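The values are calculated or read from the model by the stated rules, or taken from the named source; none is laboratory data. Just so you know, these numbers come straight off a predicted model, no measurement behind them. Using ideal geometry, Cβ is built from the backbone for each residue, glycine included, and neighbour counts are taken over all protein chains shown. These area figures cover heavy atoms from the full protein model, side chains too; ligands, DNA and RNA do not enter into them. Shrake-Rupley method; radii C 1.70, N 1.55, O 1.52, S 1.80 Å.
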Amino acid sequence: EGEAGRLSGGRRRRRRLLALGAGGVALAAVAALVSVQLLDGLEPTPEPRSARSASAGFSGWATPGPKKDTPLCSHGAGKVVCAQDGLVFALDPLDGRLLWRHPVDSSRLGGPPAVAGGLVHPWSGEGRRLEALDPATGEPQWQRNVPAYGESVPVAGMLLLIGTDGKVTGLDAGSGDTKWSRRVPGLQAPNFVSFAGDSLAYATSTSVDGSSTRVVALDPATGDVRWDAQLKGALKLVDTSDGSVFLVSIEGVYSEARALVRYSPAEGTSRRVPLPLPLSRAHGTVRGDVVYLVGGDGKVSAVDMEAREQLWSLETSVLRTSSPVSDGRHVYVSAPDGRLLAVDAGDGRLVGQTPPRLGASSDEVAAELPEPVLADGRVYAAAPDGTVFAADARDPSAW
């Protein structure tokens with residue numbers, strides 16, 4: 001408590017089948033799938049927009065993808081944009097209709113497309129060529145060759161290219177123009193991340209002995225370091241909220257999360273809250289002062305950083321889940337069998353789940369499960385059979 005950080009100026013994103021157990025919640029009904037359209041064949045004929053498009057009633061849709069692997073999706077510019085091996089495509093968020101598709105180099109595909117600067121950017125790690133697509137048509141708007149880089153981080157209308165040599169380059173996401181290129185002092189191999197609703201990019205670097213972690217906040221428009229802090233312990237970024245960063249403290253031989261840390265750069269202070277039980281492979285999201293965590297054992301829990309206590313914990317009986325997302329009312333996670341689970345954010349009850357959607361490769365263990373996507377009162381998710389589907393986030397009990 002009260003760990004001091006060094007400020008260097010003024011002052012978030014950004015992925016084995018098991019049932020929920022005999023004691024799990026059995027739901028009486030599953031919402032009807034209002035749209036099932038194959039992406040393989042000819043362009044589907046658009047359905048007439050019905051009254052439900054503009055009404056409060058949204059019963060969901062499911063659209064099989066062209067390949068039988070899990071799509072990686074995001075939302076932006078009024079579209080659900082997804083990637084599969086060798087392909088980027090866009091779906092109508094209201095009914096799941098295919099709007100366009102665009103081929104990409106599969107060797108460069110490693111994550112969901114990002115929407116930044118008004119354009120769609122296929123994730124293209126370890127590549128030497130970038131392209132940006134029109135979200136309305138999928139047509140390329142700009143393309144350019146770049147030096148070899150390890151990752152691309154979209155944030156606040158910019159793309160940060162992390163070079164294999166450690167140099168960071170800021171590109172205008174709308175035009176592709178280079179705005180700046182430099183090394184971040186003290187970071188030999190920076191690994192920047194961004195978070196939804198946050199205009200800064202963040203990188204961490206843990207000391208060799210694990211006794212401290214440096215956290216750097218970067219202005220993506222200029223490349224300037226906005227603040228720089230040295231915090232106690234080995235820490236991993238979880239999320240940001242209201243100007244503070246939230247991290248998990250990693251300890252032990254198995255790198256388990258033992259505590260949560262909230263660092264407030266404006267005051268240069270931090271608050272540490274121990275977790276009741278160690279959590280392996282911890283991921284989380286933040287709403288206000290509450291951190292929602294998942295672990296490698298499928299446990300979902302909520303910790304109030306202000307009250308310094310765990311509010312609830314739910315054993316889902318799923319071996320592992322995706323990273324969680326939350327709208328403040330529910331916490332959503334995806335399961336390896338393609339189910340989308342909804343947990344009440346207030347008391348930790350399981351309140352909804354979609355049916356499994358198993359694919360031909362369902363016996364394989366994916367390195368990371370894509371997290372659900374929240375937008376406009378709907379939650380979008382993807383399954384290992386290649387399906388992209390949407391559900392009403394306001395009423396998971398009707399799923």
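Annotations for the structure displayed:
- Residues satisfying the stated conditions in the range 357-385, i.e. touching a Leu at 6+ places or on another chain (Cβ under 9 Å) and either modelled with pLDDT under 95 or part of a loop (DSSP other than H, G, I, E, B) (or both): L358, S362, D363, P370, P372, A383, P384, D385
- Strands (runs of 3 or more DSSP E) within the range 173-240 that include 3 or more residues of a type in the set (A, V, I, L, M, F, W, C) and open to solvent by less than 30 Å² (accessible area, probe 1.4 Å): 212-218, 225-232
- Identity of the residue in the range 274-331, of a type in the set (S, T, N, Q) and not in a strand (DSSP E or B), that ends up most open to solvent (accessible area, probe 1.4 Å): S317
- Residue match in the range 116-137 (condition: open to solvent by 50 Å² or more (accessible area, probe 1.4 Å), within 20 Å of T222 (Cβ to Cβ) and not hydroxyl-bearing (S, T, Y)): no
- The combined condition, being of a type in the set (S, T, N, Q), at pLDDT 95 or above and closer than 22 Å to V333 by Cα, is not fulfilled by T269.
- Being of a type in the set (S, T, N, Q) and either modelled with pLDDT of 95 or more or under 16 Å from A221 (Cα atoms) (or both) holds for only one residue in T164, T169, and it is T169.
- As for the range 296-305, it holds no residue that is among the aliphatic types (A, V, I, L, M) and at pLDDT below 95.
- Unmet requirement for W142, which otherwise passes all of (1) over 30 Å from S241 (Cβ atoms); (2) open to solvent by 30 Å² or more (accessible area, probe 1.4 Å); (3) part of a strand (DSSP E or B): (2)
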